[in-house]
1. What are the residues of region A:206-223 that lose 10 Å² or more of accessible area, with a 1.4 Å probe, going from their chain alone to all protein chains?
2. Using a ≥ b ≥ c from the Cα gyration tensor of region A:51-182 (square roots of the eigenvalues), is it rounded, prolate or oblate, where a/c under 1.5 gives rounded and otherwise the larger of a/b and b/c decides, a/b for prolate?
3. Work out, step by step, the length gained on full extension between B:A116 and B:M1: first 0.36 nm times the residue separation, then minus their alpha carbon distance; give nm to one decimal.
4. Classify region B:245-364: rounded, prolate or oblate, from the alpha-carbon gyration tensor (a ≥ b ≥ c, eigenvalue square roots; a/c under 1.5 rounded; otherwise prolate if a/b is larger than b/c)?
5. At a Förster distance of 60 Å, what's the computed FRET efficiency of A:F46 paired with B:R186, Cβ-Cβ distance as r, to 0.05?
6. A:R371 versus A:D169, label points 7 Å from Cα toward the beta carbon: distance in nm?
7. Going by a 1.4 Å probe on protein heavy atoms, which residues of region B:60-96 end up with at least 40 Å² less accessible surface in the whole assembly than in their chain alone?
8. Please compute the contact order of chain B in relative form: average sequence separation of alpha-carbon pairs under 8 Å and at least six residues apart, divided by the residue count, as a percent.
Amino acid sequence: MAADSTALGADIEPLTGSYEASQRSARLRAAGRWLWSAGLLVILGFLVVYPVSMLLLGALTNTNPVVDGFATFNLSLENFVTVLANPNVHLALINSLIACGGGTALAVVIGLGFSWIVVRTNTPCKGFIAAVSLVPLFVPPLVAAVAWSILASPKSGLLNTLLAGLGIDWRFDVYSMPGMIVIFGVYYAPYVYMFTASALRNMDPALEEAAEISGATALSTLLTVTFPLIAPAIISGMLLSFIVMLGIYGIPAVLGTPGDIPVLTTYIFKLTAWSPPLYSTAAAVAVILMTVTGFLVWLQHRVVSARSYITVAGKAFRPAVMNLGRWRYFTLGLAIVYLVIVVVLPTLALIVAAFRKFLFIRTMASLFDARQYSLIHFERLFDNPLALRSIVNTIEVGLITAVIGGILSFAIGYTIHRTRLSGRKSIDVISTLPVAIPGLVIGVAYLWAWIGLPGGLYGTIWILALAFVARFMPDTIKALSTSLLQIHRELEEAAWICGTRMLGTIRMIVLPLARPGVIAAMTLLFVLAIRELGSSLFLYTSETMVMAVLLLDYYEGGNVGITAAFSLVQTILLGVLIGFAHVLSRGGTDTGVGKAG
Amino acid sequence: MSAELKVEHLRKVFSVGRPAIDDVSFRATAGEIVVLLGPSGCGKTTTLRCVAGLETPTSGEIAIGREAVSVPARGVLVPPRLRNIGMVFQSYAVWPHMTVRQNVTYPLRQRRVPRAEAGRKVDEVLALVGLSEYAERPVVSLSGGQMQRVALARSLVYQPQLLLLDEPLSNLDAKLRLRLRDDLRRIIKQTGVTALYVTHDQSEAVVLGDRIGVMRDGKLLQIAPPNEIYNRPADMFVANFTGASNALPGRLLARNGEFGTVETGGGNRLTAWLPPGVAAGSEVNVALRPENIRLGVQAAAEPNHFTARVTGQRYQGTQTIYELATLGGRLEALELGTNVRYPVGSDVEILLPPELCWAYSAQEAAPME
Ligand SMILES: Nc1ncnc2c1ncn2[C@@H]1O[C@H](COP(=O)(O)OP(=O)(O)O)[C@@H](O)[C@H]1O
Ligand SMILES: [Mg+2]
């Protein structure tokens, strides 16, 4: 280690002092660098490697060594094999695949459709449509699901009341597999949109024109040139939306439970809610979920890093815009319908349910009867001390996550991208690992890792915050890396050469330049932490209750009014935060908000 | 096989700004190479795309061979794929997900040419552009020049009646550009196809074109064979854009047929060629190429013989540019050769051949660039 100590900075030591003195300080600095890498690795080990290893171990035993002591520790594949043979697991797995597969297919249709409309047609108000296509990223999935259950539950859904009022016999049923697929597809279309819109935008229109001139019809051009060229983007978006749907808990919990459609995530939670809790079984199913996710992440990585055809750096194309004639009002109409489905209807439903004394609506006239409305649900919500505590807790967790996560991610991002410290490869790999771990699985892993340690983390706010830090680390590092990479290396090197030491360089040059990015990343973390449900489920206690969990509790308790009221509170809080984040980052980190679903 | 191209009163107005093309008319006879030359933004690409059918003209008429392909007044707009034309794009536009052979075969596949015949044609055209050994390579593994050859092969393989080229060399580095420029003319002439070639580079235009059309702000200013463009530019802009960088202000005293006498600063009189329409008494600018100024000529009897003071020089190895103060203005003169003959500060005899001094009305917009 000391031998290659000249790699960083040793050569810029001022030439004062004796040879030995400079030798010694070089050795000291080498030790400092070694400590830095080792320190980061220890932190990552604590945040990621330890919980995940415990989860893997847990899946292979039916005791927890930390809880039960190592004496009874009995490593065997038996547990895992039993789980694999369990028909309930098969059912959950198959349901997951159908729901996410169907949802992905719909997301591709919607996402690809909108990217074509926005990039390649002369539809009016394209800026508005582009914004609308991304809106679902900002809607918390749990809130969306709650709102849609108010709208389209088979018995009392508002839309069904409306249909009955109109004398139509047909009913919506969102508590069904098709219902879940539609909600998935509609809310996760932005993932496909983001990839395909930018691919279409970056494609040289001459590629298609050359096909047309060569004698190809429009359809033939589409099939032989356009689709093959944007296929990597479509596949990436598909895989990403599939991955996020697979790991999501809120939507299947709200929509799948009444209709008894278990998916992997809800099944895992059910196992831990059993009495006694079947933690090892849950761990084994979580490992299955993690494996599937990991495989898909790997696949997506392959697709993205395979040579992309569409890479003419820094070249702006004027996309060939198709004149739709009168049909352009139809495409605008599609965007408006989409906006109504993802935002307008759910918001209206929440407002009606939150302010109405009784949700049962007999006639249309009663919908507009002011006497039916009151603040009673809000009063009852805040009569419950738990509600206020959950809000305080959530904000506290959010702040801790943002600060710790922001600082740690900056340290890691800088180490990976801007230094040649040994160990940075491992730091890179370990810090990206959580990409492949759904939130719920992180929750199970943290539970498993800390539950038995006396005086430990379990039961505190901190275990939630640390789980969130681990879970969102890859997204945060990625968001920060972009801003780190924008700082010219020469600028830093100029500072080094001027004799500023490494830490000085970071403090004086890098931090001020990266500050907007760091602040934006912290805000992003705050927002993500506030809406996170999956990992909280396993880690909260009544003392550390957070909003998302309490919201689900209210929903499952069947009190629609309070659920809706609480949803509105959470939505407004998030709206304010996202607006704040937008002002801070000027929209630069939009894409991260949805990543964690 | 190759067909005549006829463009009549073509106009194209985009939703914003001035017209991109404003009343452009020209013809390219069968087998001829016509080059459209002009600065960036003058409407060359738009003209070419109108001919290709990729852009709908606002008004005017385009005919390829006997067929009218774009006549907006009659609602005629033949789609590009039915025009039987080839097109080479500035950005190559070769399909990166295919091999060289797949790229070149594509148009034949669309035309349902039998496999064996298609194979033969592809081999022929690849040999023509010099890419026979590369047939099975993925195009992305080729260099820029090779990709452009693929694009050329792809647009020639189905023997189109008209070939359109939009600055095909501008993305290549200088050395390659020269090589491919000469190859291009040879290949196009070998196939005998009518070609419309667009460029902003005058040296490319001269080498490639049978005729050159100079454009500015959507208008076609002059269309003529290269030596006419270079020796009888229609206006100040054409003269300037093709390299006549000297301009001397003066006043036309008298007109005598094609020539006239111009009084320049310091009361000197200069004989210059006059385009039609310049009347005696009007203010003029005399344009003159640096290469056409003859230095050190002892022939006082000749017209346009003056003395000039050398105020500066730029030595460029194989040629020297002298800055001269004369005729109440400044001239740049270029002399070939590795020798610097006139030191700064010395006086030199200059001869400005009257048929290479062109006096344009000063009312014209000032030369650009
Ligand atoms: N699709 C378009 N929409 C609006 N303006 C355009 C479009 N294409 C070209 N123009 C405008 O038309 C003019 C001529 O452009 P172009 O034909 O590309 O010039 P050139 O090829 O000579 O550089 C320019 O002012 C350009 O901005
Ligand atoms: Mg152009």
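1. For region A:206-223, once contacts with the other chains are taken into account, A:A206, A:L207, A:E209, A:A210, A:A211, A:E212, A:I213, A:S214, A:G215, A:A216, A:T217, A:S220 lose 10 Å² or more.
2. It is prolate, given that a/c is not under 1.5 and a/b is the larger ratio.
3. Working: separation 115, 0.36 × 115 = 41.40 nm, distance 2.19 nm.
In short, 39.2 nm is gained.
4. Working: a/c = 2.12, a/b = 1.98, b/c = 1.07.
It is prolate, given that a/c is not under 1.5 and a/b is the larger ratio.
5. Calculated value: 0.25.
6. My value for the distance between the label points is 3.6 nm.
7. Buried-area filter returns B:P80, B:R81, B:F89, B:S91, B:W95, B:P96.
8. Values: 824 pairs, mean separation 57.7, N = 369.
Rounded, it is 16 percent for chain B.
The values are calculated or read from the model by the stated rules, or taken from the named source; none is laboratory data. Since we're looking at a predicted model, the values are computed, not measured. Cβ coordinates were reconstructed from backbone atoms using ideal geometry, including for glycine residues, and neighbour counts include every protein chain displayed. Each accessible area value is taken on the protein alone, full model and side chains, heavy atoms only, with ligands, DNA and RNA left out. Shrake-Rupley method; radii C 1.70, N 1.55, O 1.52, S 1.80 Å.
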